[in-house]
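Student: Below is the structure I would like to discuss, written out as C-alpha cells.
The values are calculated or read from the model by the stated rules, or taken from the named source; none is laboratory data. Just so it is clear, the structure is predicted and the values come from calculations on it, not from any experiment. Neighbour counts run over all protein chains shown; Cβ positions are idealised from the backbone, glycine included. Surface accessibility is based on the protein's heavy atoms, side chains included, excluding ligands, DNA and RNA. Shrake-Rupley method; radii C 1.70, N 1.55, O 1.52, S 1.80 Å.
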Amino acid sequence: MKYSLCKNVFVIGAFVLALMPAMTNGELSVGTAPVQSPDTLKAEMEAAYAGKTPKEWGEMVTGVKTSLRTEDRVIALTFDACGSPKGKGIDMELIRFLEQQKIPATLFINARWIDANPELFLKLAANPLFTIANHGYQHRPASVNGRSIYGIDGTKDVGELVDEIELNARKIEQLTGKRPRYYRSGTAYYDEIAVQVAERLDHKVIGFSVLGDAGATYTKEQVTAALMTSVPGSIVILHMNHPESGTGKGVMAAIPLLIKKGFRFVRLSEYPLQ
C-alpha cells in the first residue's frame, strides 16, 4: 500500500514537473511554452532585459530565420493575414488551389483577422496542409523601444512586445489546442532584442528570402517573377487576405512552373531553419 501510494505520488510529481517551464539559470529556455500569467510573464521579461539597448533594426536582424538549411529543391510558402480594414477577407480561390494541388503553407495570422473571420480561421486551422503561425495581436513591428516603420508604431517596450506575441499565441492555442511555433511581426521588422524575447516565448522568428508580393502590391506578373527567383531552401513571404491583389493569380501561375523545374513545397518544420 505504501509502495503504491509512493509510486502514485512520484508519477504525479513527474507529470507536474513535465508541465513546468524548463529553466536555465532561472530563465525560460527556448522550446518551452510559458505557463505564467501574462502579467507575471511580462514582469519577468522586463526584468531580464532591463537596460539592454538594441543595435539592429530591420527585416533580417540577428536571429531571424530566412531560409531552410538544405540543398534540396524545396520551397516553403508563407502567407500573412493582418486584418487591416482593407484586408479582413481571404483569397478563397488561392486557398482552394493550394488544397487541390496539395501545397502545404504556413499561415501567419493576426488576432484582428481571427476576430473578423472566426469560422474561416477554424476551418484553416483544421486543414492538415496548413500550419497556423503567430502574426501578432495588433500587427505591430517588434521593437523594445518604440521604433516605427511604414508609419506604424512598433511596440514601445518589452512589456508591450510580450503582449503582442503572447496574447495572440494564447488566443490561437485556446481556439485550436495548439500553441504556434513560429512568429512574424506586423511589417516583418524587428530589433535583435525583440527576436530574443520571441524565442524566450517559444517562437522561432520567420523572415523570408523571397519577397513574393511586397505587401500584396505586386501585379500577377510581378508575383510570378518573384517566385521564379526561388532557390533550394527559399522561404517566400506572401499575403492571403487581399483577393483584389495579384498575389493569388501570380502564385497559381508560378507553382506549376516551379514544379516543372523540380521544386516541391514543404512545411517550415521539415528542414532546419537558418
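Student: Take the stretch 141-158 and flag every residue that is touching a residue at least 40 places away in the same chain (Cβ under 8 Å) and open to solvent by 50 Å² or more (accessible area, probe 1.4 Å).
Tutor: Result: Asn145, Arg147, Asp157.
Student: Within the stretch 200-214, does at least one residue satisfy the condition of being under 19 Å from Ile95 (Cβ atoms) and buried (at least 16 other Cβ atoms within 10 Å of the Cβ)? If you could, list the steps in order and put the result at the bottom.
Tutor: Applying the first criterion (under 19 Å from Ile95 (Cβ atoms)) to the stretch 200-214 yields 212-213.
Still in the list and also buried (at least 16 other Cβ atoms within 10 Å of the Cβ): 212-213.
Looking through the stretch 200-214, at least one residue is under 19 Å from Ile95 (Cβ atoms) and buried (at least 16 other Cβ atoms within 10 Å of the Cβ).
Student: A follow-up question, please. Output the residues belonging to the stretch 198-252 that are assigned to a helix (DSSP H, G or I), small (Gly, Ala, Ser) and over 21 Å from the mean Cα position of the chain (by Cα).
Tutor: Of everything in the stretch 198-252, those that are assigned to a helix (DSSP H, G or I), small (Gly, Ala, Ser) and over 21 Å from the mean Cα position of the chain (by Cα) turn out to be Ala225, Ala226, Gly250.
Student: So, Ile259, is that one touching a helix residue (DSSP H, G or I) at 6+ places or on another chain (Cβ under 8 Å), of a type in the set (Val, Ile, Thr) and on the phi < 0 side of the Ramachandran plot or not?
Tutor: no
Student: Name the single residue that is surrounded by the most Cβ atoms within 10 Å (Cβ to Cβ) among those in the stretch 262-274 being more than 26 Å from Thr217 (Cα to Cα) and not hydrophobic (A, V, I, L, M, F, W, C). So that I can check it myself, show each step before the final result.
Tutor: Filtering the stretch 262-274 down to residues more than 26 Å from Thr217 (Cα to Cα) leaves 262, 269-274.
Still in the running and not hydrophobic (A, V, I, L, M, F, W, C): 262, 269-272, 274.
Working: Gly262: 10, Ser269: 14, Glu270: 12, Tyr271: 17, Pro272: 11, Gln274: 12.
The extreme case among them is Tyr271.
Student: If you check Leu175, Leu124, Leu161, Leu167, which single one turns out to be open to solvent by 60 Å² or more (accessible area, probe 1.4 Å), in contact (Cβ under 8 Å) with a residue 12 or more places away in the chain and part of a helix (DSSP H, G or I)?
Tutor: Answer to the check: Leu175.
Student: Could you grab me the full set of residues in the stretch 60-102 that are closer than 19 Å to Gly262 by Cα, open to solvent by 10 Å² or more (accessible area, probe 1.4 Å) and not polar (S, T, N, Q)?
Tutor: Hits for the stretch 60-102 are Arg69, Glu71, Asp72, Arg73, Lys102.
Student: A follow-up question, please. Considering each of Gly246, Gly233, Gly207, Gly262 in turn, give the residue that is in contact with a Leu (Cβ under 6 Å, 6 or more places away or on another chain), at pLDDT 95 or above and either small (Gly, Ala, Ser) or closer than 15 Å to Thr131 by Cα (or both).
Tutor: It is Gly233.
Student: Val9 passes all but one of (1) assigned to a loop (DSSP other than H, G, I, E, B); (2) among the β-branched types (Val, Ile, Thr); (3) modelled with pLDDT under 85; which number fails?
Tutor: (1)
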